[in-house]
Amino acid sequence: MSRAPGVEPGPSSRVRGTHTNRFAILTVCTANICRSPLMELLLRQQLDTSFYEVGSAGTRGFKSHPMDSDAARQAIRFGAAPQHFKSRPVTADMIRVSGLILTATREHRSSVLGLDPMALRRTFTLLEFAQLAAEYSNQPLDALIAESSRHRSHAKGEIDIEDPFRQGELVNQQVAEKILGAVREVSSVLNAVAARGGIITS
């Protein structure tokens with residue numbers, strides 16, 4: 001039976017090399033009710049989920065809260081289904097089993113590394129990775145992530161996504177559109193890698 005979008009995956013489905021053979025991606029923001037769930041839902045919507053598994057969490061994440069209503073409206077606007085989503089705090093184990101961690105801001109990236117310093121080479125802000133991945137889109141996934149990390153200083157301009165919580169509809173729309181644009185870039189690259197058979201699952 002398929003899982004409704006936004007429902008927390010079981011622990012084994014996050015691990016690369018399990019029977020699912022899917023590559024685990026984790027999105028992270030502060031409370032896990034606005035930015036990271038929208039990132040998760042849109043990535044689930046656009047990635048080939050036979051190859052990729054996506055979940056989200058928060059650095060100060062609420063436990064089992066629904067998605068913020070303003071952010072949820074943006075998800076619905078883009079055709080995603082937020083009604084089953086439940087928030088959760090990020091843990092070192094989630095980070096350990098994720099092959100790619102995409103955060104809303106550099107501060108969130110630092111929080112992830114505070115839990116697991118070894119995750120540096122696979123942790124990026126979403127906007128940062130959207131720029132970098134496009135430069136190495138012809139590489140297998142492990143090499144793409146490694147090269148993106150090695151050249152992360154090449155990312156230009158804004159790489160943080162502001163917090164839209166209680167900032168009104170216009171800010172929520174602007175943030176959602178920024179997330180959607182970056183998700184489209186990332187999904188295009190990762191789906192092309194999958195289509196070439198360039199996924200590393202162990």
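The values are calculated or read from the model by the stated rules, or taken from the named source; none is laboratory data. Everything numeric in this text was worked out from a predicted model, so none of it was measured. Note: ideal-geometry Cβ built from the backbone for every residue, glycine included; neighbour counts use all protein chains shown. We work out accessible area using only protein heavy atoms, side chains counted, and drop any ligands, DNA or RNA first. Shrake-Rupley method; radii C 1.70, N 1.55, O 1.52, S 1.80 Å.
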Subset of segment 116-130 (residues that are touching a residue at least 24 places away in the same chain (Cβ under 8 Å) and open to solvent by 60 Å² or more (accessible area, probe 1.4 Å))
LEU120, ARG121
State which residue pairs qualify: first residue without any contact (Cβ under 8 Å) to a residue 24 or more places away in the chain and inside segment 148-173, second residue surrounded by 17 or more Cβ atoms within 10 Å (Cβ to Cβ) in any location, beta carbons under 6 Å apart, and separation of 6 or more residues or different chains.
VAL171/PRO164
Qualifying positions in segment 150-182 - within 17 Å of ILE33 (Cβ to Cβ), of a type in the set (A, V, I, L, M) and assigned to a helix (DSSP H, G or I):
VAL171, VAL175, ALA176, ILE179
Right, ARG22: open to solvent by 10 Å² or more (accessible area, probe 1.4 Å), within 25 Å of GLY197 (Cα to Cα) and in contact with an Asp or Glu (Cβ under 6 Å, 6 or more places away or on another chain) or not?
yes
Go through segment 40-92 residue by residue and tally those that are over 16 Å from the mean Cα position of the chain (by Cα), surrounded by fewer than 18 Cβ atoms within 10 Å (Cβ to Cβ) and either assigned to a loop (DSSP other than H, G, I, E, B) or charged (D, E, K, R) (or both).
14
Count of segment 93-115 residues which are assigned to a loop (DSSP other than H, G, I, E, B) and either open to solvent by 20 Å² or more (accessible area, probe 1.4 Å) or of a type in the set (S, T, N, Q) (or both)
2
Every residue in segment 140-163 that is farther than 20 Å from MET118 by Cβ and surrounded by 15 or more Cβ atoms within 10 Å (Cβ to Cβ), please.
PRO140, ALA155, ILE159, ASP160, ILE161, ASP163
